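Accompanying notes for the structure given below.
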Amino acid sequence: MISLWKWNLRRLMRKIWVPIAAFGLVGLATALAAAAVPPFLPADSKGLVAANAVSAILQIMATSLLTVTTFSVSIMVSAFASAAQGATPRATPLLRDDRLTQNVLATFTGGFIYSLVSIIGLETGLYGREGRLLIFLVTLAVLAAIVWQLVRWIGHLADFGRLPDTIARVETAARAALEQRMAHPYLGGRPLDDGARALARQGQPVFGDRTGYVQVIDLAALNRLCADAQVTLALSVLPGSFIHPGSEVARLMPGAAPDPALAGAIAKTFAIGPTRSLDQDPRFGTLILTEIAQRALSPAVNDPGTAIDILGRHLRVLSAWAERGAAELLYPHVLVPRLHLADLAEDAFAAIARDGAGMVEVQVRLLKTLGALVQLSPAFAPEVAHQTARALDLSAAALVLPEDKDRLRALAQRIAETCRAAQASDAASPALPATA
């Protein structure tokens, strides 16, 4: 679990300008520090390098890096636009946070600033004859770093921003978010079961203070507030929920006296933003994958192959549900609702079943994916049965050839039998593990 200040720091470190500014400052500091080191150099090393030799190298670096940096930024912007048009705008933050791209641009910018400041120092006599050797050696090291990053950048450009690369990034982020939730199914708190939920309805409501999506909830801060006030809090929303100042975000359990100051402090532990975040919201990654499939199934694109690929990725992401472990109780004063498998299944398959209803190849892959989920874990059986029946109804209304309909009905019948057998065997596990 992560606190709000750590999450805000992590968000800041993801900003592309942060490493660029850091490398630029390093370049500036390196060029200026070189002026203070020469007095400590051996006497026989002073003046070994001509000023025009170092200056020529620095001139080439400064001119080249300015051009390369500008070109790289234009490539990055084009990749963002390509991902937004070919996949979905919700996927562009994953490209923007690409660490290699940030490091490359930061290296180019830092090298450019270093070259510029070093040229000024040489021309103004800041370094003198004694500092030229040091500047020369540092310049060779900077040049080696730039060449290495340039080679990596050229190799990276082969896939960066293309549809397969964007889809793979979304899948990785979606699976990581779901695995994190399975490791902490109640975000470290206690489960809010039906009995506790009914009791919470009699407690004091706490409302949000802003309009937007819940991006992160600071459970540690909530637990401290509740422990100090000797109360128990039941969350009404999870990360990914859209709230406004009239929305209830939590409830103080019965017995707690109304406390406006406590309610205001509780509301501030919810990070609210204009868009959803993958940090604590595993459903968001699933929705992004589905959006890509929807665009591929649109008449303007007509790319059922991408939708079929997305279904395979949904299977890999949702398989993390069957791999969940025991929950760890970290915040006993906070009750947290569970993540419903029905919501994940709806996010993953409902829109694809609707938009691909008239494509038998998409429907076949959809039903096979649903059948594979039951084989992974009987816990999927109820939702697989529902999504299978829904997909069959949609395809029956959209398909033309009777043989296609018969093929889907036979496949759906086998899946239904598998679901009934899984439910009858009592092998289905609970939707989420109980808190230890």
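Read-outs: derived from the displayed coordinates by stated rules, not from any lab. Note that the structure is a prediction, hence the values are computed from the model and not measured. Cβ coordinates were reconstructed from backbone atoms using ideal geometry, including for glycine residues, and neighbour counts include every protein chain displayed.
Things to note:
- When both bridge partners sit in the chain, DSSP labels roughly 70% of those beta bridges antiparallel.
- Among the DSSP helices (H) of the chain, those spanning at least 18 angstrom by Cα along their long axis with an average Kyte-Doolittle hydropathy of 1.6 or more are 17-33, 132-156; this is a geometric and hydropathy rule only.
- Between the residues 387, 332, 344, the greatest Cα displacement towards the positive end of the dipole of the chain, with unit charges on the Cβ of Lys, Arg, Asp and Glu, is found for 332.
- Relative to its Kirkwood radius, the Cα radius of gyration of the chain gives an Rg/Rh of 1.11.
- Net charge of Cβ neighbours under 15 Å - reference residue 289; Lys, Arg +1; Asp, Glu -1: -1
- Interatomic Cα distance distribution for the range 186-273, bins of 5 angstrom, percent: 3, 15, 28, 27, 21, 7, 0
- When 186, 331, 213 are arranged by Cβ crowding within 10 Å, least crowded first, meaning fewest neighbours, the order is 213, 331, 186.
- Fewest-first ranking of 225, 373, using other Cβ atoms within 10 Å as the exposure measure: 225, 373
- Kirkwood estimate for the range 261-399, i.e. one over the average of 1/r between Cα atoms, Å: 16.8
- Separation of the residue 3 and residue 400 label points, Cα + 7 Å toward Cβ, nm: 6.4
- Net charge over other residues, Cβ less than 13 angstrom from the Cβ of residue 374 (K, R count +1; D, E count -1): +1
- For 333, 314, order by how many other beta-carbon atoms lie within 10 Å, fewest first: 333, 314
- The helix-only estimate of mean residue ellipticity at 222 nm for the chain, built from DSSP H runs of length n ≥ 4 each weighted as -39500 (n - 2.57), is -20000 deg cm²/dmol after division by the residue total.
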